[in-house]
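J.: Here it is: the structure, laid out below.
The values are calculated or read from the model by the stated rules, or taken from the named source; none is laboratory data. The structure displayed is predicted, hence computed values, not measured ones. Reconstructed Cβ throughout: ideal geometry from the backbone, glycine too, with neighbour counts over all protein chains shown.
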Amino acid sequence: MSTIKKNIDKIYENIIKNDRELSDITLVAVTKNVDEKFIKEAIDLGVKNLGENRVQEFISKYNNIKDKSINWHFIGNLQTNKVKYIIDKVCLIHSVNSMRLANEINKQANKIGKIQDILLEINVSQEKNKIGLPKEDVDNMIKEISKLPNIRLKGLMGIAPYVENTQDIAVFFKTLNEIFIDINRKSTDNINMSYLSMGMTNDYNIALQEGSNIIRIGTGIFGDRS
Ligand SMILES: *Cc1c(COP(=O)(O)O)cnc(C)c1O
């Protein structure tokens, strides 16, 4: 059996071990720095969702892989001047962290007659070097986003801080889930969030326990990036 198949099977096994339904969880295979032949292997094994974090690399993979059945997720920091290059290619942008970016996505989506699904990237841990929207700005931003006709806010995304203590990571994911539940409870017009994108190779088991329904896994599928 191939390593990639073994790795993917292991992830499915862990989803079940964490008492989650396979049908409730979207596995995004993160393909940054991964050779296209391995990406094709993952696709042949049934992977339908691929994630990229750099615009140039994403476009080159998108053009070479040319598979209409793939859902491409943009998960990295996105500069406003590059939105126009990806808007017609992505199913979900995970990393929206400013109104400036949201407005540009709305504008470019409008140009091609699309309603773009997005997630807000939240910085729960308030680390200064982390990208993401501070918790206290979330409510305002949601109100503003709800007015944009070519954006549909579908949920939240978070990247756990690098810490040793598993308990701290759990607290981070728990907080993100509480914000998620809270926003849905307030039921702002036009906002009905369903996705909570949290969990990478090293912490997806904790994320699954804390309510994640999109996990973004690179190393855990394709091995170490060189
Ligand atoms: C690289 C990356 C991942 C995947 O990381 P792994 O540790 O390789 O699983 C997930 N999310 C984002 C935003 C990334 O940039």
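J.: Of the residues in the stretch 57-71, how many are surrounded by fewer than 22 Cβ atoms within 10 Å (Cβ to Cβ) and either within 16 Å of the ligand (Cβ to nearest atom) or without any contact (Cβ under 8 Å) to a residue 12 or more places away in the chain (or both)?
T.: Summing the residues that are surrounded by fewer than 22 Cβ atoms within 10 Å (Cβ to Cβ) and either within 16 Å of the ligand (Cβ to nearest atom) or without any contact (Cβ under 8 Å) to a residue 12 or more places away in the chain (or both) in the stretch 57-71 gives 7.
J.: Would you tally the residues in the stretch 90-125 being more than 17 Å from the chain's Cα centre (by Cα), under 22 Å from K66 (Cα atoms) and charged (D, E, K, R)?
T.: 1
J.: Any chance you could count how many residues in the stretch 73-94 are within 23 Å of T26 (Cβ to Cβ) and either within 14 Å of the ligand (Cβ to nearest atom) or assigned to a loop (DSSP other than H, G, I, E, B) (or both)?
T.: So the answer is 14.
J.: How many residues does the stretch 16-42 hold that are more than 25 Å from L196 (Cβ to Cβ) and away from the ligand (no atom under 12 Å from the Cβ)?
T.: Adding up the residues that qualify gives 7.
J.: Every residue in the stretch 146-162 that is over 18 Å from the mean Cα position of the chain (by Cα), farther than 19 Å from D88 by Cα and surrounded by 14 or more Cβ atoms within 10 Å (Cβ to Cβ), please.
T.: S146
J.: While we're here: Would you check if there is a residue in the stretch 171-184 being touching a Pro at 6+ places or on another chain (Cβ under 8 Å), within 16 Å of the ligand (Cβ to nearest atom) and either in contact (Cβ under 8 Å) with a residue 12 or more places away in the chain or not aromatic (F, W, Y) (or both)?
T.: yes
J.: Filter the stretch 112-122 down to the residues that are surrounded by fewer than 22 Cβ atoms within 10 Å (Cβ to Cβ) and touching a residue at least 24 places away in the same chain (Cβ under 8 Å), then identify the one that is nearest to A29 (Cα to Cα).
T.: The extreme case among them is D117.
J.: Can you pull out the residues in the stretch 28-42 that are in contact with a strand residue (DSSP E or B) (Cβ under 8 Å, 6 or more places away or on another chain) and either farther than 16 Å from F74 by Cα or part of a helix (DSSP H, G or I) (or both)?
T.: Answer for the stretch 28-42, where residues must be in contact with a strand residue (DSSP E or B) (Cβ under 8 Å, 6 or more places away or on another chain) and either farther than 16 Å from F74 by Cα or part of a helix (DSSP H, G or I) (or both): I39, A42.
J.: Report, by residue number, each residue of the stretch 40-49 that is exposed (fewer than 13 other Cβ atoms within 10 Å of the Cβ) and acidic (D, E).
T.: Within the stretch 40-49, just D44 meets the criteria.
J.: Just for the stretch 43-56: of the residues that are assigned to a helix (DSSP H, G or I) and either under 26 Å from S23 (Cα atoms) or over 20 Å from the mean Cα position of the chain (by Cα) (or both), which one is nearest to the ligand (Cβ to nearest atom)?
T.: Residue satisfying both the conditions and the ranking: I43.
J.: May I ask you to list pairs of residues, at least six apart or on different chains, whose Cβ atoms are under 9 Å apart, with the first in the stretch 23-38 being free of Cβ contacts under 8 Å to residues at least 60 places away in the same chain and the second being within 11 Å of the ligand (Cβ to nearest atom)?
T.: D35/F222
To keep it simple, each residue is scored yes or no on (1) farther than 27 Å from L208 by Cβ; (2) buried (at least 16 other Cβ atoms within 10 Å of the Cβ); (3) of a type in the set (A, V, I, L, M, F, W, C); (4) modelled with pLDDT of 95 or more.
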residue: V34; (1), (2), (3), (4): no, yes, yes, yes
residue: G51; (1), (2), (3), (4): no, yes, no, yes
residue: V55; (1), (2), (3), (4): yes, yes, yes, yes
residue: T80; (1), (2), (3), (4): yes, no, no, yes
residue: S95; (1), (2), (3), (4): no, yes, no, yes
